[in-house]
Amino acid sequence: MSPDSRLPSHPSTERPSSGNFGQLSNFLRGSIADEDSRRVSESMSDLATHVEAIILSLRHNKVRTTIAPMLVDLLTVLRGHRHMVVGLGLPWRGLYEYASYLQALNHLRVLIGQWLLEGGPRSTELLLNAEDFELVAWRTLADGMLLIDVYEQWVQREQHGQQPESGLAALSEPQVERAIQWWKKLRL
């Protein structure tokens, strides 16, 4: 990623920080390496917009008739985003972070369903609070940001013809031969 596309970092910890999901949306729009990356970023921005609206509403009230339709809308956007992520090509699917992000999306989907069912249909308020929802949403979006970042690093390595470093490549010839012999013994 280019240095100017990074999230601002907190001065004392040097860790990325973002005050709200709007800043996250801007970050995602600025971190694109190719068409797939742009589509994932835009879709995540859409998710972030819905999430932020829900958090703001939850901070004011927990009235089921207000929050539940917003959660159902988020579920619809989440399903569309997940469908788009599942349709990404092999370079994306080969990344460890891809499976982790799909798991986070599924987890968020299940939690939204549980939050909608808690208290039953006759309850006037949801049991969900803004802090719990925000924590899960940030974690899910952070997994997506990590996926984009790792994918972009992979694209840059591919464009520059660099191969990822492996421990085996750093071994001298006799050590490689011993490793191969050891593997052959294991197969017997």
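Could you go through segment 145-150 in sequence order and give the Karplus-derived ³J(HN,Hα) for each residue, using 6.51 cos²θ - 1.76 cosθ + 1.60 with θ = phi - 60°, rounded to whole Hz, and x for Gly and Pro?
After applying 6.51 cos²θ - 1.76 cosθ + 1.60, I find 5, 5, 4, 4, 4, 5 Hz.
Net charge near residue 67: determine it from the other residues with C-beta under 12 Å of the C-beta of residue 67, scoring Lys and Arg +1 and Asp and Glu -1. If you can, show how the numbers build up before the last one.
Numbers: positive: 59, 62, 64; negative: 73, 118, 125.
For residues surrounding residue 67, the net value is 0.
Values quoted throughout were computed directly from the atomic coordinates according to the rules given, and no laboratory measurement underlies them. In this text, all values refer to a predicted model and were calculated from it rather than measured experimentally. Glycine gets a Cβ as well: all are built from the backbone with ideal geometry, and neighbour counts include every protein chain shown.
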